[in-house]
Amino acid sequence: MISWWKLSRKLNLLVMPTNRIRTVLIDDSAFMRKVIGDIIRTDESIELVGIANDGKRGSEMALELNPDVLITDMVMPDYDGLYVVNSVIEKLAVPIILLSSLEKTDSRIFDALQQGAFEFIDKPTNLDEVHIRDYRLLELIKEASRADISLLKARQLAQKNSHDHSFDHALNYEIIVIGASTGGPGAVESIINNLPTNLKIPVVVVQHMPPRFLETFAQRLHEQSKLPVHLACKGESLKGGTIYIAPGEANLRIETNIATNAPMFTLTEKKYVEFNYPSVDCLFESVALTYGKTSIAVILTGMGRDGVVGLTKIKEKGGFTIAQDEDSSVVYGMPKAAKESGAVRRVVSLKEIPGFIVSCL
């Protein structure tokens, strides 16, 4: 097992802050409580104030201790992570991070997100020092402590569009591409469910999440949307009125099929600086080359800077670039980076993005 004290020294986290992020951890596995607890303790800006071994006791502890962030396992006997979310979220304004070991066909993660959970992350499986250093939990805790809880609860109230739109002229654009990370599933769902049912161009979405959940995410969107939704496949031609979700086993690109002269999906294992499998920059850069000025690109809530490079290239080619505004973003990281880089033509609130896209068409 890794020496956590040695790791904390390497991470330069030995100075005790005055305002620490008070955190409660819930997990039925004693081993995982030890692992996650030790990871949290490597960061002196975070304080682990409570640990529980089941969802019922953990929910009671959260209500009693009023932490800044609540971390809970999703899979526990009797009282699971979904129970924790439903028990706590209406009584306490606390962001909830879900620890997942669920199978890809289990939709409880997305149920919990819709009920107001902040984000989910896979449990760590490789416990060597290098992999633990790259584990995103500490970054998520810090982002969660700054999140606007009202935005998370608003996911439950999302409206859906069931109407056509009168497209009475030739469209100005041929594709819509969307990139999202933390807070993205709810934002993507809000946009997809409010596009016109007779949309004539394809929509391609890159959502950062563990690859095994992307198929379930696509299926969930398909069941909710009036438009067909599925994972993009290598060699598949793009069709108007279809929503494609980027898979996670590689980075997704769109290139011109030499035989048909039509756009098609390809996959690449090329690594990008900000994020991979799937990468927003990878998709956006390929769209800039293939569609140029006939593309609309949207960057949504999320941590980091993925999408900035690709969005810049789309703008340079004459495409229309949109960023979600700060007030409606669960995490104002990717949209902020894109705006500050000069890559964004218009900043729009989440609820207005579908209508704004249609007005551009």
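When region 286-301 is filtered for residues that are open to solvent by less than 30 Å² (accessible area, probe 1.4 Å) and of a type outside the set (Val, Ile, Thr), the ones remaining, listed by number, are SER286, ALA288, TYR291, GLY292, SER295, ALA297, LEU300. In region 200-238, what residues are surrounded by fewer than 21 Cβ atoms within 10 Å (Cβ to Cβ), within 16 Å of the chain's Cα centre (by Cα) and assigned to a loop (DSSP other than H, G, I, E, B)? Listed by number, the list holds a single entry, PRO210.
The set of residues from region 322-361 being open to solvent by 60 Å² or more (accessible area, probe 1.4 Å) and within 16 Å of the chain's Cα centre (by Cα) comprises GLU326, LYS336. Sub-8 Å Cβ pairs linking a first residue in region 103-128 that is closer than 21 Å to GLY302 by Cβ and open to solvent by 50 Å² or more (accessible area, probe 1.4 Å) to a second residue that is part of a loop (DSSP other than H, G, I, E, B) and at pLDDT 75 or above, at least 6 apart or interchain, are GLN115/ILE89, ordered by first then second residue. Taking the criterion of being under 30 Å from GLU249 (Cβ atoms), open to solvent by 10 Å² or more (accessible area, probe 1.4 Å) and free of Cβ contacts under 8 Å to residues at least 40 places away in the same chain, the residues of region 76-101 that qualify are ASP80, LEU82, SER101. Screening the candidates LEU99, LEU63 for the property of being at pLDDT 95 or above and not small (Gly, Ala, Ser) yields one hit, LEU63. Taking first residues from region 272-285 that are over 17 Å from LYS313 (Cα atoms) and partners that are assigned to a helix (DSSP H, G or I) and open to solvent by 10 Å² or more (accessible area, probe 1.4 Å), the Cβ contacts under 9 Å between residues at least 6 apart in sequence or on separate chains come to TYR277/PRO211; PRO278/PRO211. If the condition is being in a loop (DSSP other than H, G, I, E, B) and either open to solvent by less than 40 Å² (accessible area, probe 1.4 Å) or among the small types (Gly, Ala, Ser) (or both), then region 239-268 contributes GLY240, GLY241, THR242, ALA246, PRO247, GLY248, ALA250, ASN257, ALA259, ALA262.
The values are calculated or read from the model by the stated rules, or taken from the named source; none is laboratory data. Source: prediction; values computed, not measured. Note: ideal-geometry Cβ built from the backbone for every residue, glycine included; neighbour counts use all protein chains shown. Only protein heavy atoms, including side chains, enter the accessible area calculation; ligands, DNA and RNA are left aside. Shrake-Rupley method; radii C 1.70, N 1.55, O 1.52, S 1.80 Å.
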